[in-house]
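Written below as structure tokens is the structure these notes are about.
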Amino acid sequence: LNRIAVFASGQGSNFAALAEAQKAGKLGSGSIELLVSDKPESGAAQRAVEAGIPTLLLRPKDFASRELYEAEIVAELQRRDIGLIVLAGYMRLITPVLLTPYAERIINIHPSLLPAFAGIDAIGQALNYGVKLTGVTVHYVDGGMDTGPVIAQRTVAVEDNDTAETLAERIHQVEHGLYADVVAAFADGRIELVGRKTIIREK
Ligand code: GAR
């Protein structure tokens with residue numbers, strides 16, 4: 001479980017935070033071996049190149065199907081003996097081609113307290129709804145949209161004068177710390193899944 005591939009489509013701040021955590025010795029036995037992106041021009045891809053982390057940059061539209069796109073990814077993951085997939089702003093649903101060989105070994109971070117505000121623009125959804133508390137969820141990935149078992153959650157208070165930008169900034173701060181802790185626990189085999197419930201053992 002210690003050889004990790006991070007998947008990202010966006011600016012890559014969570015990916016960068018995980019890479020920093022590893023450098024600082026805070027990722028347990030976890031080692032980021034690969035950055036996979038469906039957006040070769042993304043900030044995440046750029047950051048990986050700068051950090052000297054190998055990249056797999058594939059455009060889904062260059063493939064005849066989602067399944068063929070993912071089959072290419074699985075082949076590369078197996079070549080590199082990847083044990084854990086960490087989604088960090090990877091904005092695509094995953095098919096059984098990837099889910100089956102990596103069952104219970106794919107995790108995601110989402111910027112709300114699931115099951116509230118699944119899907120895209122969770123921060124905007126929370127602001128529009130008018131909730132006073134939102135937060136961050138790390139969860140197992142299944143075939144649904146943000147539906148897998150919850151591993152960890154943290155709350156973030158919504159302030160009266162918050163904009164999407166100010167709230168996103170505080171949520172990102174919480175994400176970066178929480179994700180490193182959960183990835184470390186996962187890499188060290190300290191997460192147990194019983195039905196839909198997870199238990200994280202302390203070090
Ligand atoms: C993060 O806030 C992550 O929680 C969210 O995308 C952002 C990526 O930021 N993911 C989702 O909304 C997944 N449904 P980053 O590229 O700076 O890490």
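Summary of values
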| item | result |
| --- | --- |
| Qualifying GluC sites (Glu not before Pro) in the stretch 159-203, DSSP loop, other Cβ atoms within 10 Å at most 15 | E159, E202 |
| Magnitude of the charge dipole, the stretch 40-98, Cβ model with Lys/Arg +1 and Asp/Glu -1, debye to 20 | 100 |
| Centre separation in Å (Cα based) which lies between the stretch 189-203 and the stretch 99-166 | 19 |
| Dipole-positive endmost among A19, A45, L84 within the stretch 1-134 (Cβ charges, Cα centre) | A19 |
| Extended-chain gain in nm, criterion 0.36 nm per residue less alpha-carbon gap, T95 and D160 | 19.4 nm |
| Computed over the stretch 161-203, Kirkwood Rh from alpha-carbon pairs, angstrom | 12.1 |
| The stretch 47-163 shape via C-alpha gyration tensor axes, a/c threshold 1.5 | prolate |
| At least 18 Å along the helix axis (C-alpha) and Kyte average at least -0.5, DSSP helices within the chain | 164-187 |
| Gyration tensor (alpha-carbon) shape descriptor, the stretch 115-176, a/c threshold 1.5 | prolate |
| Prolate/oblate/rounded call for the chain, Cα gyration tensor, a/c under 1.5 rounded | rounded |
| Normalised contact order of the chain, rounded percent, pairs of Cα under 8 Å and 6 or more residues apart | 22 |
| Cβ-placed point charges (K, R +1; D, E -1), dipole of the chain about Cα centre in debye, nearest 20 | 440 |
| Leading residue at positive end of dipole, the chain (Cβ point charges), from Q125, Q153, N2 | N2 |
| Relative contact order (%) - criterion: Cα under 8 Å, at least six apart; region: the stretch 119-164 | 40 |
| Dipole magnitude (debye, nearest 20) for the stretch 64-161, charges at Cβ of Lys, Arg, Asp, Glu | 120 |
| Accessible carbon and sulfur surface of the stretch 94-203 relative to its total accessible area, %, 1.4 Å | 54 |
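The values are calculated or read from the model by the stated rules, or taken from the named source; none is laboratory data. Since we're looking at a predicted model, the values are computed, not measured. Reconstructed Cβ throughout: ideal geometry from the backbone, glycine too, with neighbour counts over all protein chains shown. Accessible surface is based on the protein model in full, side chains and every heavy atom, while ligands, DNA and RNA are left aside. Shrake-Rupley method; radii C 1.70, N 1.55, O 1.52, S 1.80 Å.
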